[in-house]
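S.K.: Pasting a structure below so you can have a look.
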Amino acid sequence: MASTEIELGAEHLAGCLALSKAAQWNQNEADWRLMLGFGRGWGIAPDDGTKAGVLAASTLVLPYNGFAWVAMVLVLPEHRKKGFATRLLRTSISFLKKSNKTPILDATPAGREVYRKEGFEDTWGFKRFCLAKATPMKGKGSRPIVASDWPRILELDRRAFGGDRGKVLRDLARRLPQAAHVAESGGELTGFVLGREGREARQIGPLVARDAEAAKGLLAAALARIEPPVYVDMVDRDPVTSAWLESLGFAFQRPFTRMVHGADRAPGEDALVFCPAGPELG
């Protein structure tokens, strides 16, 4: 059956949301507006008589400094096994090569096999945990973010992430301000945490910290102030905090793998990253 590749814009928002819902992913309208606002995307419009605005598949690229996040590689269930995901992935890789930006992504187990065939290599991993019911929680050693914290937050995040994503971080802080906290020690910023509301659950992340103790304190502070359901994506290198989450009632949902195309490693200092912002944002 014929299909048409199109460039995505705000007018495709309804089709993008339908893709998230069909995949049972957490992105809501605010997420799509953020990504479409500073990224570039492509979609497949099925030429099968379906109504205008329907998307069979999507892929976005979110540009940062010297690299870009490949995100939202989605296909409606009834249009899978037609090569749409591979087709749009190749479009995005080609675009990024011409732009001299390294493609990076966070892959689900099913997506990882597709990406490996297209030249992506594994770097490190994390796991998603979900809390369905409220649990007593006390946050210590942190405080809410104030305007004067932002220069230090952005500096630490550039080290951790490898690029400037100030627009993304400020957007998340506005959307779920009760989760936005910083930790300090001796007058030095030791970490920060943000979150956002999603279609299915609130999500904590990014969480960037100089050590695991600061990270756990920030995570506790955010969790003490938001209602479940809550998603937390915790890096594999910190199994102690993962075990702590499970002791609170969090259930393991799925693993993710950070992958890079055409480079030896992902940008940034991954030792500072405890929770990514989400597979779609890095």
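S.K.: Have a look at ALA160, ALA220 and point out the one that is surrounded by 18 or more Cβ atoms within 10 Å (Cβ to Cβ), over 19 Å from the mean Cα position of the chain (by Cα) and touching a residue at least 12 places away in the same chain (Cβ under 8 Å). Working first, answer last.
M.R.: On the way: ALA160 fails: over 19 Å from the mean Cα position of the chain (by Cα).
Going through ALA160, ALA220 in turn, the sole match is ALA220.
S.K.: Return yes when LEU131 is of a type in the set (A, V, I, L, M, F, W, C), more than 17 Å from the chain's Cα centre (by Cα) and closer than 27 Å to ASP211 by Cα and no when it is not. Outline the logic, then answer.
M.R.: On the way: of a type in the set (A, V, I, L, M, F, W, C): yes; more than 17 Å from the chain's Cα centre (by Cα): yes; closer than 27 Å to ASP211 by Cα: yes.
In short, yes.
S.K.: Go through the stretch 220-233 and report how many residues are under 18 Å from ASP149 (Cβ atoms) and out of contact with any helix residue (DSSP H, G or I) (no Cβ under 6 Å at 6 or more places or on another chain).
M.R.: Let us first name the residues in the stretch 220-233 that are under 18 Å from ASP149 (Cβ atoms), namely 221-222, 225.
Those left that are additionally out of contact with any helix residue (DSSP H, G or I) (no Cβ under 6 Å at 6 or more places or on another chain): 221.
Within the stretch 220-233, residues that are under 18 Å from ASP149 (Cβ atoms) and out of contact with any helix residue (DSSP H, G or I) (no Cβ under 6 Å at 6 or more places or on another chain) number 1.
S.K.: Then there's this: Taking the residues in the stretch 125-145 that are crowded, with 17+ Cβ neighbours inside 10 Å and modelled with pLDDT of 95 or more as candidates, determine which candidate is nearest to ALA266 (Cα to Cα). Walk me through it before giving the result.
M.R.: Step one: of the stretch 125-145, the residues crowded, with 17+ Cβ neighbours inside 10 Å are 126-131, 139, 141-142, 145.
Among the residues that remain, those that are also modelled with pLDDT of 95 or more are: 126-131, 145.
On the way: PHE126: 14, LYS127: 18, ARG128: 20, PHE129: 23, CYS130: 26, LEU131: 29, ILE145: 28 Å.
Selected residue: PHE126.
S.K.: Sticking with this structure for a sec: Determine whether LYS138 is outside any strand (DSSP E or B), assigned by TED's automatic domain parsing to the domain that holds ILE44, of a type outside the set (Gly, Ala, Ser) and over 19 Å from the mean Cα position of the chain (by Cα). It would help to see each step written out before you state the result.
M.R.: Details: outside any strand (DSSP E or B): yes; assigned by TED's automatic domain parsing to the domain that holds ILE44: no; of a type outside the set (Gly, Ala, Ser): yes; over 19 Å from the mean Cα position of the chain (by Cα): yes.
Taking the combined requirement at face value, the residue does not satisfy it.
S.K.: Could you list all residues from the stretch 146-157 that are without any contact (Cβ under 8 Å) to a residue 60 or more places away in the chain and closer than 21 Å to GLU269 by Cβ?
M.R.: Narrowing the stretch 146-157 to residues without any contact (Cβ under 8 Å) to a residue 60 or more places away in the chain: 146-155, 157.
ASP149, TRP150, PRO151, ARG152, ILE153, LEU154, GLU155, ASP157, listed by residue number.
Here's the yes/no breakdown for (1) loosely packed, with under 15 Cβ neighbours inside 10 Å; (2) in contact with a helix residue (DSSP H, G or I) (Cβ under 9 Å, 6 or more places away or on another chain); (3) closer than 30 Å to THR102 by Cα:
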| position | (1), (2), (3) |
| --- | --- |
| PHE192 | no, yes, yes |
| VAL235 | no, yes, yes |
| LEU245 | no, yes, no |
| PRO255 | no, yes, yes |
| ALA266 | no, no, yes |
| GLU269 | yes, yes, yes |
| VAL273 | no, yes, yes |
| GLY278 | no, yes, yes |
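Residues checked against (1) under 21 Å from ARG254 (Cα atoms); (2) of a type in the set (A, V, I, L, M, F, W, C); (3) surrounded by fewer than 16 Cβ atoms within 10 Å (Cβ to Cβ):
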| residue | (1), (2), (3) |
| --- | --- |
| LEU13 | no, yes, yes |
| CYS16 | no, yes, no |
| TRP25 | yes, yes, no |
| ARG33 | no, no, yes |
| ILE44 | no, yes, no |
| ASP47 | no, no, yes |
| LEU55 | no, yes, no |
| PRO77 | yes, no, yes |
| LEU89 | no, yes, no |
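S.K.: May I ask you to verify whether ILE153 is in a helix (DSSP H, G or I), in the same structural domain as ARG237 (by TED's automatic domain parsing), touching a strand residue (DSSP E or B) at 6+ places or on another chain (Cβ under 7 Å) and surrounded by 18 or more Cβ atoms within 10 Å (Cβ to Cβ)?
M.R.: Working: in a helix (DSSP H, G or I): yes; in the same structural domain as ARG237 (by TED's automatic domain parsing): yes; touching a strand residue (DSSP E or B) at 6+ places or on another chain (Cβ under 7 Å): yes; surrounded by 18 or more Cβ atoms within 10 Å (Cβ to Cβ): yes.
The answer is yes for ILE153.
S.K.: List the number of the failed condition for GLU184; all other conditions in (1) farther than 25 Å from GLU269 by Cα; (2) at pLDDT 95 or above hold.
M.R.: The number of the failed condition is (1).
S.K.: Output the strands (runs of 3 or more DSSP E) that fall wholly within the stretch 36-124 and possess 1 or more residues being touching a strand residue (DSSP E or B) at 6+ places or on another chain (Cβ under 7 Å) and modelled with pLDDT under 95, or say none. Reasoning before the result, please.
M.R.: Values: elements: 40-46, 57-63, 67-75, 102-107.
Output list reads 40-46.
S.K.: Follow-up. Does ARG175 satisfy the criteria of being among the basic types (Lys, Arg), buried (at least 19 other Cβ atoms within 10 Å of the Cβ) and modelled with pLDDT of 95 or more? Step through it out loud before you land on a result.
M.R.: Numbers: among the basic types (Lys, Arg): yes; buried (at least 19 other Cβ atoms within 10 Å of the Cβ): yes; modelled with pLDDT of 95 or more: yes.
Yes; evaluated as a whole, the condition is true for this residue.
S.K.: Enumerate the pairs (first residue in the stretch 83-111 and polar (S, T, N, Q); second residue anywhere and part of a helix (DSSP H, G or I) and surrounded by fewer than 22 Cβ atoms within 10 Å (Cβ to Cβ)) with beta-carbon separation below 7 Å, excluding pairs fewer than 6 apart on the same chain, so at least 6 apart or on different chains.
M.R.: Hits for this filter: THR86/VAL114.
The values are calculated or read from the model by the stated rules, or taken from the named source; none is laboratory data. Since the structure is predicted, the reported quantities are computational estimates derived from the model, not experimental observations. No Cβ is skipped: glycine too gets one built from the backbone with ideal geometry, and neighbour counts run over all protein chains shown.
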